[in-house]
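*Asks:* Before anything else, here's the structure in question.
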Amino acid sequence: MSAVKLILTQSVHNLGEAGDVVSVKPGYARNFLLPQGKAIPATDSRVKELEHHRRIVAEKAAKELKDLRGRKDQIEAQAFEIRARAGEGGRLFGSVTSAQIAELLAARGFEIDRRRIELREGIKQIGEHSVPVKLHRDVVARIKLHVVAIEGASPQEDDEGTEPRLSDESDRRERRERRERREESDED
């Protein structure tokens with residue numbers, strides 16, 4: 001019995017990944033792979049078409065990677081600043097989140113999903129911070145983020161006339177914290 005050549009349309013455990021050309025026993029091909037739609041016969045035209053498709057995908061991926069590396073350089077060339085209210089010692093009231101950083105990047109023309117900003121937890125101190133942004137599995141930009149305290153601000157003051165808020169969620173959280181602090185001081 002000779003082997004049958006097939007092109008896998010899906011990944012098959014212990015056989016190969018989708019798009020691989022494999023040789024299998026005729027019974028395995030006839031009874032499992034072909035009826036389940038996991039493979040198609042590997043004719044000369046299909047193999048050539050598959051190779052052409054792989055070349056196109058590889059060229060597209062290389063171009064995309066080059067574009068992302070250029071975008072990474074553009075992002076890293078800039079310094080970003082967020083103004084936030086802070087207490088003594090530079091500790092922020094609240095924190096700077098990945099959503100706020102994503103909005104800051106969007107304001108500069110870099111549309112990046114907040115989930116790509118690899119911030120383990122919110123930034124809670126004023127100062128310089130390096131924040132990794134994963135543009136691609138092989139391309140990670142590090143943005144320079146300078147967190148600056150708003151002068152003369154305290155947690156009880158209303159922040160009208162200061163820098164625009166970066167997210168509604170942080171506004172709600174800050175209002176809730178202010179309300180809780182007022183209630184605690186009223187109880188004393």
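The values are calculated or read from the model by the stated rules, or taken from the named source; none is laboratory data. For clarity, every value in this text was computed on a predicted model and none was experimentally measured. Don't worry about glycine lacking a Cβ; one is built from the backbone with ideal geometry, like all the others, and counts go over all protein chains shown. Ligands, DNA and RNA are excluded from the accessible area calculation, which covers all protein heavy atoms including side chains. Shrake-Rupley method; radii C 1.70, N 1.55, O 1.52, S 1.80 Å.
*Asks:* In what sequence, highest mean first, do 51-58, 89-96, 114-121 appear when ranked by Cβ atoms within 10 angstrom? Please report the intermediate quantities before stating the final value.
*Replies:* Details: 51-58: 10.6, 89-96: 15.8, 114-121: 13.5.
Order by mean packing, descending: 89-96, 114-121, 51-58.
*Asks:* I've got another one for you. Of all the accessible heavy-atom surface of the chain, with the other protein chains kept in place and a 1.4 Å probe, what percent is carbon and sulfur? Numbers along the way, then the final one.
*Replies:* On the way: 5810 of 12700 Å².
Of the solvent-accessible surface of the chain, carbon and sulfur hold 46 percent.
*Asks:* Pairs of Cα atoms under 8 Å, at least six residues apart: use those to get the relative contact order of the chain, whole percent. Mind showing how you got there, number by number?
*Replies:* Values: 241 pairs, mean separation 32.4, N = 188.
It comes to 17 percent, rounded to a whole number.
*Asks:* Could you rank the peptides 33-46, 132-145 by their average count of other C-beta atoms within 10 Å per residue, with the highest value first?
*Replies:* Working: 33-46: 13.8, 132-145: 16.1.
Final packing ranking: 132-145, 33-46.
*Asks:* On C-alpha positions alone, give me the angle between the axis of helix 98-107 and the longest principal axis of the chain, in degrees, nearest 10.
*Replies:* Once rounded, the angle reads 90 degrees.
*Asks:* Quick one: helix 168-187 against the long Cα principal axis of the chain, what's the angle to the nearest 10°, folded into 0 to 90?
*Replies:* Roughly 40 degrees, rounded to the nearest 10.
*Asks:* Could you work out how far apart the two model spin labels at residue 146 and residue 79 are, taking each label as a point 7 Å from the Cα in the direction of the beta carbon, and quote it in nm?
*Replies:* 0.3
*Asks:* Identify, among 102, 70, 27, the residue whose Cα sits farthest towards the positive end of the charge dipole of the chain, taking +1 on the Cβ of Lys and Arg and -1 on the Cβ of Asp and Glu, with the dipole about the Cα centre.
*Replies:* Farthest along the dipole direction, towards plus: 27.
*Asks:* Two decimals is fine: what's Rg over Rh for the chain, C-alpha atoms, Kirkwood radius as Rh? Please report the intermediate quantities before stating the final value.
*Replies:* Details: Rg = 27.4 Å, Rh = 21.3 Å.
Result for the chain is an Rg/Rh of 1.28.
*Asks:* Same structure, new question: As a test of the definition: which semi-axes, in Å, follow for region 36-111 when you take the square root of five times each eigenvalue of its alpha carbon gyration tensor? Largest first, please. Kindly include the intermediate steps, with their values, before the conclusion.
*Replies:* Numbers: eigenvalues 480, 57, 13 Å².
So the equivalent ellipsoid measures 49, 17, 8 Å along its semi-axes.
*Asks:* May I ask you to compute the full-extension gain from residue 11 to residue 30, defined as 0.36 nm times their residue separation minus their alpha-carbon distance, rounded to one decimal in nm?
*Replies:* Values: separation 19, 0.36 × 19 = 6.84 nm, distance 1.73 nm.
Difference between extended and current length: 5.1 nm.
*Asks:* Run the simple label-point estimate for residue 47 and residue 60 please: 7 Å along Cα→C-beta, distance reported in nm.
*Replies:* 2.5
*Asks:* For the chain: lysine pairs with Cα atoms under 23 Å, gap of 8 or more or different chains, count?
*Replies:* Final tally of qualifying lysine pairs is 19.
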